[in-house]
1. Looking only at segment A:45-66, which residues are facing chain B (nearest Cβ under 9 Å) and in a helix (DSSP H, G or I)?
2. When you go through A:39, A:1 one by one, which is the residue that is free of Cβ contacts under 8 Å to residues at least 24 places away in the same chain, over 26 Å from residue B:228 (Cβ atoms) and not in a helix (DSSP H, G or I)?
3. All but one of (1) within 14 Å of chain A (Cβ to nearest Cβ); (2) surrounded by 18 or more Cβ atoms within 10 Å (Cβ to Cβ) hold for residue B:217; state the number of the condition that does not hold.
4. Please work out which one of (1) more than 14 Å from chain A (Cβ to nearest Cβ); (2) part of a helix (DSSP H, G or I); (3) in contact (Cβ under 8 Å) with a residue 24 or more places away in the chain is the condition residue B:210 fails and give its number.
5. Please count how many residues of segment B:152-188 are part of a helix (DSSP H, G or I), closer than 22 Å to residue B:142 by Cβ and touching a residue at least 24 places away in the same chain (Cβ under 8 Å).
6. From the list A:16, A:41, exactly one residue is over 24 Å from residue B:222 (Cα atoms) and surrounded by 16 or more Cβ atoms within 10 Å (Cβ to Cβ). Which is it?
7. Since residue B:186 meets every condition but one in (1) closer than 30 Å to residue B:63 by Cα; (2) at pLDDT 85 or above, which condition does it not meet?
């Protein structure tokens, strides 16, 4: 392995790590906020827990989307290119 | 907790668990190793004529799309006779479609468009749900090899879900996009539809166009990323542990749970995109 190939591998690994690590911050904050609000609402109205749980999972899955994008980008950097 | 299982339920559960145990024995006997060679690669077939992107097809996507459509048609023809007192399959189907119908009825304000939008939404929901669920069972998959050939893996990976191909998802999202604008033209008329792009003020036109184009792209990439990312993640985790037990649990989580949620979200967003344009 010459130095050019080594530099390319290094760039790939660092890039994939950064893509996943930075990309996971946003969805983490978003899902945390969704969960916190849902918990508050559940404590206020315990009879709505069933509906609130469903809606919370849906909102989580939408907030997760940007994290999934960065996961796909990380896989593409590692495996495809 | 008291489980009331009929004989056919026991046979069904027995076949499923027996299948998993048989796969486990098969993998132990043949000294199977998870391979990471063709991960993220697609089997692409070059048609004998033409050049460029339209001359290549993705055969596995086409085959599995027809398999999923055949499964849905088979299910529909099996429960054709609807009884007043529903059985198990009928009540499952009715509660699923009733949920989708309530979603459409809540978000669409014009009563005469509830039924056609429900047809679109339910078709999308059933197709994506079945193809995501198919992607959570071990089956046949194909990977390209180095020298242009194809290797078929049996029971090493899940069935190839057609929704893990971006072309399929982009087609579904573009279908929703085109249908939403067709409905918008029919409801508002051509003149006020064109005018809606120059809303609040005329120089917002490029921003409105970009906003419209971003809808199908994010719609398609969301489903694609979840299904393909889940599949690759399960494969890599399976490679790390080299046992069959963990992938089975992960296939259950990623295929059944996330697959059902993503099918529901795709449907909800399709309903929202269509109904926001026909207010």
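The values are calculated or read from the model by the stated rules, or taken from the named source; none is laboratory data. Please read these numbers as outputs of a predicted model, since none were measured by experiment. Cβ atoms come from the backbone with ideal geometry, glycine included; neighbour counts cover every protein chain shown.
1. If the condition is that a residue be facing chain B (nearest Cβ under 9 Å) and in a helix (DSSP H, G or I), then A:57, A:58, A:60, A:61, A:62, A:65 are the ones that fit.
2. Testing whether each residue is free of Cβ contacts under 8 Å to residues at least 24 places away in the same chain, over 26 Å from residue B:228 (Cβ atoms) and not in a helix (DSSP H, G or I) leaves just A:1.
3. (2)
4. Answer for residue B:210: the failing condition is (3).
5. Number of matching residues: 8.
6. When all the criteria are applied, what remains is A:41.
7. (1)
Table: residues versus (1) surrounded by 12 or more Cβ atoms within 10 Å (Cβ to Cβ); (2) under 26 Å from residue B:235 (Cα atoms); (3) at pLDDT below 90.
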| position | (1), (2), (3) |
| --- | --- |
| A:10 | no, yes, no |
| A:35 | yes, no, no |
| A:45 | no, no, no |
| A:50 | no, no, yes |
| A:59 | yes, no, yes |
| A:67 | yes, yes, yes |
